[in-house]
1. Quick one: Ser35 ticks every box in (1) closer than 17 Å to Gly135 by Cβ; (2) within 13 Å of the chain's Cα centre (by Cα) bar one, so which box is it?
2. Output yes when any residue across the range 145-155 is of a type in the set (Ser, Thr, Tyr), out of contact with any Pro (no Cβ under 6 Å at 6 or more places or on another chain) and assigned to a loop (DSSP other than H, G, I, E, B), and no when none is.
3. Could you list all residues from the range 62-72 that are surrounded by 21 or more Cβ atoms within 10 Å (Cβ to Cβ) and either under 13 Å from Thr18 (Cα atoms) or without any contact (Cβ under 8 Å) to a residue 12 or more places away in the chain (or both)?
4. For the range 57-64, does any single residue satisfy the condition of being closer than 24 Å to Val10 by Cα, part of a helix (DSSP H, G or I) and among the aliphatic types (A, V, I, L, M)?
5. Being surrounded by fewer than 18 Cβ atoms within 10 Å (Cβ to Cβ), in contact (Cβ under 8 Å) with a residue 12 or more places away in the chain and among the small types (Gly, Ala, Ser) is the filter here, so list the residues in the range 41-61 that pass it.
6. From the list Gly82, Gly135, which one is among the small types (Gly, Ala, Ser), within 17 Å of the chain's Cα centre (by Cα), within 17 Å of Gly8 (Cα to Cα) and surrounded by 15 or more Cβ atoms within 10 Å (Cβ to Cβ)?
7. Looking at Ala87 and the list (1) surrounded by 15 or more Cβ atoms within 10 Å (Cβ to Cβ); (2) under 29 Å from Gly142 (Cα atoms); (3) more than 18 Å from the chain's Cα centre (by Cα), which single condition is not satisfied?
8. So which residues in the range 94-144 are in a loop (DSSP other than H, G, I, E, B) and of a type in the set (Asp, Glu), if there are any at all?
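The values are calculated or read from the model by the stated rules, or taken from the named source; none is laboratory data. Remember, it's a predicted structure, so these values are computed and weren't measured experimentally. Glycine also receives a Cβ, built like all others from the backbone with ideal geometry; neighbour counts cover every protein chain displayed.
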Amino acid sequence: MASSNALGAVLRGMVAGTLGTAAMTVSERLEMSISGREGSRVPGEVGAHLIPGKDHRSGSDVAALNTAVHWAHGISMGAMRGVLDIAGIRGPAASAAHFALLWAGDAALYRALGVADVPWRWEPAELGIDMLHKGVHAAVTGAAYDALTNLQTGSTPR
């Protein structure tokens, strides 16, 4: 794949990741309205760990970063969908690989930063909810990526 095509794939992935993040946000809000669960502070905690001058123990730092980190992470992980295409992985296989990379990468990052325990120690409901919402992100990002690629190339769905 030529470098201009690679850049296009990454940019399409970021656009698709924006749509995937929007869908994940809607699914989270819907689930929270049904379950009564509070919103996650994990994006803000991750951001506060990674951004110099921020304190992951500060409620105000975490709250200030939460939404921005949620969106930045979702959009940037959409770029991964483009990288999978560059690597020749497409369609449903790419969506499955994207989900695996997204979920496992997040779980490893959370553990490395001390934000969460290893996933096998999470409560089953917490694990299921996390996988559900990341699955929504991966599925919508994948469908959007494939649609954008097909629009650009004028081809039929892969």
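1. All conditions pass for Ser35, except number (2).
2. Taking the range 145-155 and keeping what is of a type in the set (Ser, Thr, Tyr), we get 145, 149, 153, 155.
Imposing the further condition that a residue be out of contact with any Pro (no Cβ under 6 Å at 6 or more places or on another chain) reduces the set to 145, 149, 153, 155.
Now narrow it down to the ones that are assigned to a loop (DSSP other than H, G, I, E, B): 155.
Yes: one or more hits.
3. Within the range 62-72, the subset surrounded by 21 or more Cβ atoms within 10 Å (Cβ to Cβ) is 62, 65, 70.
Correct list: His70 only.
4. Taking the range 57-64 as the starting set, the residues that turn out to be closer than 24 Å to Val10 by Cα are none.
No - not one qualifying residue is present in the range 57-64.
5. Correct list: empty.
6. On the way: Gly135 fails: within 17 Å of Gly8 (Cα to Cα).
Exactly one residue qualifies, and that residue is Gly82.
7. Going through the list (1) surrounded by 15 or more Cβ atoms within 10 Å (Cβ to Cβ); (2) under 29 Å from Gly142 (Cα atoms); (3) more than 18 Å from the chain's Cα centre (by Cα), Ala87 breaks only (1).
8. Start the filter on the range 94-144 by keeping residues that are in a loop (DSSP other than H, G, I, E, B), which leaves 114-118, 122-123.
Hits for the range 94-144 are Asp117, Glu123.
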